[in-house]
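Working notes, beginning with the structure itself.
The values are calculated or read from the model by the stated rules, or taken from the named source; none is laboratory data. Just so it is clear, the model here is predicted, and its values are computed rather than measured. Don't worry about glycine lacking a Cβ; one is built from the backbone with ideal geometry, like all the others, and counts go over all protein chains shown. For the accessible areas, the whole protein counts, side chains as well, though only heavy atoms, and no ligand, DNA or RNA atoms are used. Shrake-Rupley method; radii C 1.70, N 1.55, O 1.52, S 1.80 Å.
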Amino acid sequence: MEVFAIDGPAALRGEIVVRGAKNSVLKLMAATLLAPGRSVISNVPAIADVRIMCELLRRLGCGIDYDAAAGTVAVEVPTEVGITADYELVRLMRASISVLGPLVGRMHAAEVAVPGGDAIGSRGLDMHQHGLERLGAQVTLEHGYFVASAPAGLRGAEIELPFPSVGATENLVMAAVLAAGETVVENAAREPEIVDICRMLVAMGARIEGIGTSRLVVTGVESLAPVSHRCVGDRIVAGTWAFAAVATGGDIGIRGVPQALLPNVLDKLAEAGGRIEDLPGTDSQGSATAEAPGFRVRGPRRPQPIHVSTLPFPGFPTDLQPFVIALNSVADGVGLLTENLFEARWRFVNELSRLGAKVSIDGNHALVTGVESLSGAEVEASDIRAGAGLVLAGLLAHGRTEVSGVDHIDRGYEDFVPKLRALGASISRIEKPEPDFL
Ligand code: UD1
């Protein structure tokens, strides 16, 4: 068993480069299925989920050329792609569901395993299913798989989502680009990753209006062409470093993501006492010509508590909620976090309490009373962000913290340990023996 061993406390100082967003690149890779030929995606992060998506596409018949160091994935899509995404891969990575829309759109059939529940709650897929049905597909659940078919192809429709689901918006747009006629998605999600996917689809020849708004209008085309596309920077990873700077009283320059992708987040960090400014050569919109737009975050001696409600973009992202709780746990006062997207995102809190954090949960609220300092302990990561949140808490704690479940962290953060070390943290990845009495 591997663990991250951290000797805290530490104030992080230095500069970091953030590459492409996990939550975009996986969908961009799925979108390549829409056009036969060789598509190339760049600014790809070296994370485990990219390797899982490579394998999924390989099993669908694609040729994959993945260069982790260069950050590129080339996908050679055959004329006839397979239609089955196995449970073996889907259970490892929920985002596998994003091949459903492209497969139904292009092959008019798909069999995609239904992911189970996970540590951040039961996550429905009804909007994916109903949306595809509105587009004319028949979708049934058979032996743990969504089996979708539309022998005569999909046809455009009006779809109003009851909630701006990121995954459903993406799947429906990817299905609609090759459907006959016009599709309107009302109450669409507006996350920067969705904008990124829409831009890639447009570069492939798709017709999409309203990109970045909650009303997307897609006019179907006959076929799409392969493309080269640079993935948008990972705002959640950038946000992670920004929280680390403020919570530890450090000073981090973060390149690869402009401030404009973190509305609300940087405002909250300023409330906590952080000072934020653009790095030289950047404007806050992250000008198109800047190679690596970025910003610098400096933290106070001790942060002020912040009150945060998670909401769909441009609201405060749910994926940064563990960092809010970690920051509040050492803040000078009481902070309240309200989780509005996922129902059971609290496993992290039990672990954080082992470090001495004072958190009380009431429904979807977490009330945190800041303490002077946390004390190191052994804790376990239950998902990607919870894992990174525990590492941050370990940096705030006195003494040694060991975070297990590091495979979760590897799914979303490239070179996490080397990057933390470069910023001055005392952290290493160590092997611990499994218990031998079982
Ligand atoms: C994506 C992100 C995840 C992020 C989330 C919200 C990826 C790979 N993951 O997840 O990191 O936390 O957006 O920003 O991009 N829901 C339904 N029925 C559906 C679809 C969703 O009830 O058909 C519910 C979910 O249970 C959840 C909420 O809607 O409570 C949000 O889910 P959604 O926006 O779809 O998130 P994901 O795409 O799964």
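Condition first: open to solvent by 10 Å² or more (accessible area, probe 1.4 Å) and within 16 Å of the ligand (Cβ to nearest atom). Now tell me which residues in the range 295-315 satisfy that.
Residues satisfying the conditions are Ser309, Leu311, Pro312, Phe313, Pro314, Gly315.
Can you give me the number of residues within the range 147-165 that are open to solvent by 50 Å² or more (accessible area, probe 1.4 Å), farther than 21 Å from Glu222 by Cβ and more than 16 Å from the ligand (Cβ to nearest atom)? Outline the logic, then answer.
The first filter runs over the range 147-165 and keeps only residues open to solvent by 50 Å² or more (accessible area, probe 1.4 Å), leaving 151-152, 155, 158, 160, 162-163.
Subsequent filtering for residues that are farther than 21 Å from Glu222 by Cβ retains 158, 160, 162-163.
Filter again for more than 16 Å from the ligand (Cβ to nearest atom), leaving 158.
Final tally of qualifying residues: 1.
Anything in the range 144-181 that is of a type in the set (S, T, N, Q) and outside any helix (DSSP H, G or I)? List them, or say none.
Ser149, Ser165
Looking at the range 316-328 only, could you name the residues that are in contact with a helix residue (DSSP H, G or I) (Cβ under 7 Å, 6 or more places away or on another chain) and within 16 Å of the ligand (Cβ to nearest atom)?
Within the range 316-328, Phe316, Pro317, Asp319, Leu320, Pro322, Phe323, Ile325 qualify.
Could you look through the range 366-409, keep only residues that are of a type in the set (Asp, Glu) and in contact with a strand residue (DSSP E or B) (Cβ under 9 Å, 6 or more places away or on another chain), and pick out the one that is farthest from Asp49 (Cα to Cα)?
Once the filter is applied, the top-ranked residue is Glu378.
Within the range 407-433, track down each residue that is surrounded by fewer than 22 Cβ atoms within 10 Å (Cβ to Cβ) and among the aliphatic types (A, V, I, L, M).
Listed by number, the residues that qualify are Val417, Ala422, Ile430.
Being within 30 Å of Ser24 (Cα to Cα) and in a strand (DSSP E or B) narrows it down to one of Arg429, Arg400, Arg345, so name that one.
Numbers: Arg400 fails: within 30 Å of Ser24 (Cα to Cα); Arg345 fails: in a strand (DSSP E or B).
Matching residue, one of Arg429, Arg400, Arg345: Arg429.
Can you tell me which residues in the range 244-271 are more than 16 Å from the ligand (Cβ to nearest atom), over 30 Å from Ala74 (Cα atoms) and either among the aliphatic types (A, V, I, L, M) or crowded, with 24+ Cβ neighbours inside 10 Å (or both)?
Ala244, Ala245, Val246, Ala247, Thr248, Ile252, Leu266, Leu269, Ala270
Check whether at least one residue in the range 63-74 is crowded, with 24+ Cβ neighbours inside 10 Å and more than 22 Å from Val147 (Cβ to Cβ), and report yes or no.
yes
Within the range 75-91, restricting attention to residues that are of a type in the set (A, V, I, L, M) and modelled with pLDDT of 95 or more, which residue is most open to solvent (accessible area, probe 1.4 Å)?
If we take residues in the range 75-91 being of a type in the set (A, V, I, L, M) and modelled with pLDDT of 95 or more, then Ile83 is most open to solvent (accessible area, probe 1.4 Å).
Quick check, is Glu372 farther than 20 Å from Asn328 by Cα and surrounded by fewer than 19 Cβ atoms within 10 Å (Cβ to Cβ)?
no
Filtering the range 120-143 down to residues that are among the polar types (S, T, N, Q) and within 13 Å of the ligand (Cβ to nearest atom), which residue is modelled with the highest pLDDT?
My answer is Gln129.
Look through the range 329-349, keep the residues that are crowded, with 20+ Cβ neighbours inside 10 Å and within 16 Å of the ligand (Cβ to nearest atom), and return whichever of them is farthest from Pro162 (Cα to Cα).
Residue satisfying both the conditions and the ranking: Phe348.
Taking the range 10-36 only, how many residues are open to solvent by 10 Å² or more (accessible area, probe 1.4 Å) and in contact with a strand residue (DSSP E or B) (Cβ under 6 Å, 6 or more places away or on another chain)?
Summing the residues that are open to solvent by 10 Å² or more (accessible area, probe 1.4 Å) and in contact with a strand residue (DSSP E or B) (Cβ under 6 Å, 6 or more places away or on another chain) in the range 10-36 gives 4.
Evaluate the range 89-110: report whether one residue or more is without any contact (Cβ under 8 Å) to a residue 24 or more places away in the chain, under 21 Å from the mean Cα position of the chain (by Cα), within 11 Å of the ligand (Cβ to nearest atom) and closer than 30 Å to Leu311 by Cβ.
no
Table: residues versus (1) open to solvent by 10 Å² or more (accessible area, probe 1.4 Å); (2) at pLDDT below 95.
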site	(1), (2)
Met93	no, yes
Ser98	no, no
Val114	yes, yes
Asp118	yes, yes
Tyr145	yes, yes
Gly167	yes, no
Ala179	no, no
Val195	yes, no
Cys198	no, no
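Would you point out which residue out of Glu55, Glu80 is on the phi < 0 side of the Ramachandran plot and not in a loop (DSSP other than H, G, I, E, B)?
Glu55
Check Arg190 against each of (1) in a loop (DSSP other than H, G, I, E, B); (2) open to solvent by less than 10 Å² (accessible area, probe 1.4 Å) and name the one condition it does not meet.
(2) is the only condition that Arg190 fails.
Any residue at all in the range 274-289 that's open to solvent by 40 Å² or more (accessible area, probe 1.4 Å), assigned to a strand (DSSP E or B) and within 26 Å of Asn187 (Cβ to Cβ)?
No - not one qualifying residue is present in the range 274-289.
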